[in-house]
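No lab work stands behind these numbers, since they all come straight from the coordinates. Because the structure is predicted, anything quoted here is derived from the model rather than measured. Heads up, the Cβs are rebuilt from the backbone with ideal geometry, glycines too, and the neighbour counts pull from every protein chain shown.
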Amino acid sequence: MFDLRNYTLLILTLLILATGCNQLKGEEILHTIDLLAEKEGIALTEKDRIEFKGEEEIVDEELPEVEEPEVVEEEPEVTPSQEPEKAPSQEPEINEAEPVISEEQKAAENITGIDKETGLYIVSNPNSLQVYVNKNRRLPVGHSPSDLVEPNVTHTKPKGDERRLLRADAASALEDLFAAASEEGLDIVAVSGYRSNATQASIYQGHVNRSGQDFANRYSARPGTSEHESGLAMDVSAAVVGFGLEEAFKGTDEGTWINNHAYRFGFIIRYPEGKEHITGYGYEPWHLRYVGQELAEHLYQNNLTLEEYFGYHYELKE
Ligand SMILES: [Zn+2]
């Protein structure tokens, strides 16, 4: 049987010798690998990609340059003092070790409770087009969208790769967006969409195993907290920046057009410039998030993030 890994490593070695290590960046390596894999009809696993790309590069798709949260060991920012004041006589037995969240707070914030292991809030509306996760909020354990489809757009990932997928509404909107961009003579390429909970857990655990929990928390999204797991996010790029997920995309014709027009198709730039302290993520001009046309237009016109729109007022874990 054909051994893709040995073959690609050999090719890589030759490439690196030919171009010099410093000039060959992780995304370019990955792109080369993807092209090779696609040519050979073999789907790379996320582990393969991590090995090929190197551990610092893989998280580019998620957390490029953010000083990231520490382990979430602190008390969640729920007021334990609410507990006795709210009709104590009617409250069921309360385990004092666990923070209490009132039903009103749960409803207002679309959460079901707190993940005991991590201290993260668990969202109650994982299937909503308006669901949002961040460094404090996660999708329920094991959540996977039921309506994933493959949008008919140009993609860098090989056939069969889960990252080609999006939820149906987002996929259809992405096709419209790509078509409109194409009419403008622009050449946008999809790079990375859906990522399963298992994949994200594997990426995160790989970092923990290799470099420890602190490193993992700094450079990789905890399972359940990556927006890509919702099936509503797609990273896009253009040939002119080597299909890279990097800030340089902003300055391209494609990046400029995305910034100005994505909302018309129901997408927002989820991690905008200057809002890092609110979203917890550095500027990602390539990360499109589908929220539906009405909300996307509102957020765009008012320069709002999802956190601001929903009144999310907790400090993100640092
Ligand atoms: Zn992304």
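Key figures for this structure:
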{"read-out": "Fully extended contour minus Cα-Cα distance, from S202 to V141, at 0.36 nm per residue", "value": "20.6 nm"}
{"read-out": "Region 274-312-region 134-196 distance, computed between alpha-carbon centres (Å)", "value": "18 Å"}
{"read-out": "Assigned charges on the beta-carbon of Lys, Arg, Asp, Glu; region 226-318 dipole about Cα centre (debye)", "value": "180 debye"}
{"read-out": "Long pairs among K159/K275; K159/K250; K106/K157; K106/K250; K116/K275, criterion Cα-Cα beyond 31 Å", "value": "K159/K275; K106/K157; K106/K250"}
{"read-out": "Packing-based exposure ordering (other Cβ within 10 Å, fewest first) of H298, H287", "value": "H298, H287"}
{"read-out": "For region 168-180, 3J(HN,Hα) per residue [Karplus equation, 6.51 cos²θ - 1.76 cosθ + 1.60, θ = phi - 60°, Hz, x = Gly/Pro]", "value": "3, 4, 5, 5, 4, 5, 5, 4, 4, 4, 4, 5, 5"}
